[in-house]
1. Run the dipole for chain A about the Cα centre, Lys and Arg Cβ at +1, Asp and Glu Cβ at -1, nothing else charged, and hand back the magnitude in debye, nearest 20.
2. Please turn the phi angles of region A:22-38 into ³J(HN,Hα) values with the Karplus equation 6.51 cos²θ - 1.76 cosθ + 1.60 (θ = phi - 60°), one per residue in order, whole Hz, x for glycine and proline.
3. Just for the Cα atoms in region B:257-455, what are the lengths along the principal axes, largest first, rounded to whole Å?
4. List the pair-distance distribution P(r) of chain A, using every Cα-Cα distance, as the percent of pairs falling in each 5 Å bin from 0 up to the bin containing the longest distance, rounded to whole percents.
5. So what J values fall out for region B:384-391 if you push phi through Karplus, 6.51 cos²θ - 1.76 cosθ + 1.60 with θ = phi - 60°, rounded to Hz, Gly and Pro as x?
6. Only sites in a loop by DSSP and with at most 10 other Cβ atoms within 10 Å count here; which GluC sites (Glu not before Pro) in region B:1-64 make the cut?
7. For region B:339-379, rounded, prolate or oblate, judged on the Cα gyration tensor with a ≥ b ≥ c (square roots of eigenvalues), a/c < 1.5 rounded, else prolate if a/b > b/c?
8. State the number of lysine pairs found in region B:257-455 whose Cα atoms come within less than 23 Å, restricting to pairs 8 or more positions apart or on distinct chains.
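The values are calculated or read from the model by the stated rules, or taken from the named source; none is laboratory data. All figures in this text were calculated on a predicted structure; none of them were measured in a lab. Virtual Cβ from ideal backbone geometry, glycine too; neighbours counted across all protein chains shown. Please note that ligands, DNA and RNA were not included when accessible areas were found on the heavy atoms of the full protein model with its side chains. Shrake-Rupley method; radii C 1.70, N 1.55, O 1.52, S 1.80 Å.
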Amino acid sequence: MNPQQVRALIVDIIADVAPEVDLSDASGDEHLQDHYGLDSMDALTILEKIAEETDVDIPETDYDQVESLNGLTNYVAQRA
Amino acid sequence: MYEFKMPSLGADMVEGTLTSWNVEVGDAIERGEIICEVETNKGDIDVEVWESGVVEELRVEPGQKIPVGEVIAVLDKGEEIAEEEEKKEETREREEKEKEKSEKPTKAPRDPADLRVPEGVVASPAARRRAAELGVELQGLQGTGLQGAVTVADVERAHQPTQEVSQEVAEEVAKEPPKPRISPVARRLAEREGVDLAEVLGSGPRGAIRREDVEKALAEREPSEGREPEKDEPEAMAAMREAIAAAMARSKSEIPHYYLHETVPMHRATEWLRDYNADRPAGERLLMGVLFIKAVALACREIPEMNGVFEDGQFEPREGINPGFAISLRRGGVIPPAIHDADKKALPELMDHLRDLTRRVRRGKLRSSEVTDATITITSLGERGVEAVYGVIYPPQVAIVGFGKVTDRFWADDELVSTRPAMTMTLSADHRVSDGIAGARFLSLISDLLQRPEKL
């Protein structure tokens, strides 16, 4: 998957988990939990769905690399 | 025969709108099955039925607003069972009547629907409903009923001057949820013609909106006026805010809270959780909140004064330990659905349960037992960054435990000062039921349990 496809997939997943979150104007560097009000359950659900769709399972030790949409996209794109 | 009534889904609920039936006449249904969906200020609730039988009659149509306690469906339970039930029902009704008779005017509200009745005011259920419909404050009303009880007529008299003073105010009142009842014909006509029913003044019994009222509104409508924009979302938010306001105001005016806090060392729980999650895929990992739920539930077994409800002017401890876990809604508001028998569930099971509850809270798909059965509340606001949260007790419960953020803090052990993860845990509890010493034991138990997470 190229980064554009990964990003589109992640945006879809976030929209599914948290329909209220509007990512249309996002620069991509916003902290997903702090900026969009996602909680730990949302974050875990998003990671779970990403793993289902891409087979990339992000371990807890790498959570600091996937705090923003850009971080998440890069992380997954490098491995998917 | 079993008459299924509109249930009270929370202390503040006076009526609910039937959204859909999940069953048809002739269907056999089992105890615990979902019979219908009801729209409330907590979102849409899947209502469970606690009797088995065959659906004989569905008395209301989707779209109708129904007061709590009104029969909405009739189940055929088979002859023998039916007779038995009838007897039971009769006994229950008799008991209730006797209880009502012996009740003193100043006694604490018995019915959860009594929420809007301030201390010292006695009002019939019909009067309470009418007061809610008209937005009339019961406090300070001169009752003309038995023992000075406020009647429907009293409420309507109190409402009269408002209408005379200003048409604007009357319109505001008419707009306020909960709205009056609407006949199915009137609703269909209003929907077809795009009439906002909130703007229509009902002339039927108890302010019910009838076809004539909608026709009148149609006739008065400006020719240029079109359909109202969609306003479901803000309305739902306003209703949710109103529900929280009512419950919290009642809590703060009725419940003498006492507050305790304790600093809990969290290195063991944090390390244990890290190790547990390390080699598990995202779908099988646990959140810290699950450890909190289990620890609180186990501590409730030891300190029963924390687990139960305060009703009828007295505390009723509950055997089942069903913590309500506060889940926030992103559009605003918070709902603490009950996790049934949390003390008996293993951590992975609790996690699955919490995952499912969170999803359903946010999509407005809770079950009726989840909004009514909580016996204590847990709030884990720490994950939003606060160091400590002092909760307001959710009536009729008697305690709420708050978990703050886990942060590295200086820690003195003998002569050694180090840093370690720690958290401020708080308790707000009802002083009518327990004293600080019980609360202190409760917190200390939870703290101890969190020191051996592997045993949770």
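1. Values: 3 positive and 19 negative charges, 69 e Å.
That gives chain A a dipole magnitude of about 340 debye.
2. 9, 9, 4, 9, 6, 7, x, 9, 5, 5, 4, 6, 5, 7, 9, x, 6
3. Result, largest extent first: 53, 41, 32 Å.
4. Using 5 Å bins, I get a P(r) of 3, 16, 32, 30, 16, 3 for chain A.
5. Working through the residues one at a time gives 8, x, 7, 7, 8, 10, 9, x Hz.
6. Numbers: sites: B:3, B:15, B:24, B:30, B:33, B:37, B:39, B:48, B:51, B:56, B:57; in loops: B:24, B:30, B:33, B:51.
Counting only loop positions with at most 10 other Cβ atoms within 10 Å, the GluC sites (Glu not before Pro) in region B:1-64 are B:24, B:30.
7. Oblate, since a/c reaches 1.5 and b/c is not below a/b.
8. Details: B:294/B:344; B:294/B:345; B:294/B:405; B:294/B:455; B:344/B:455; B:345/B:365; B:345/B:455; B:405/B:455.
The result is 8.
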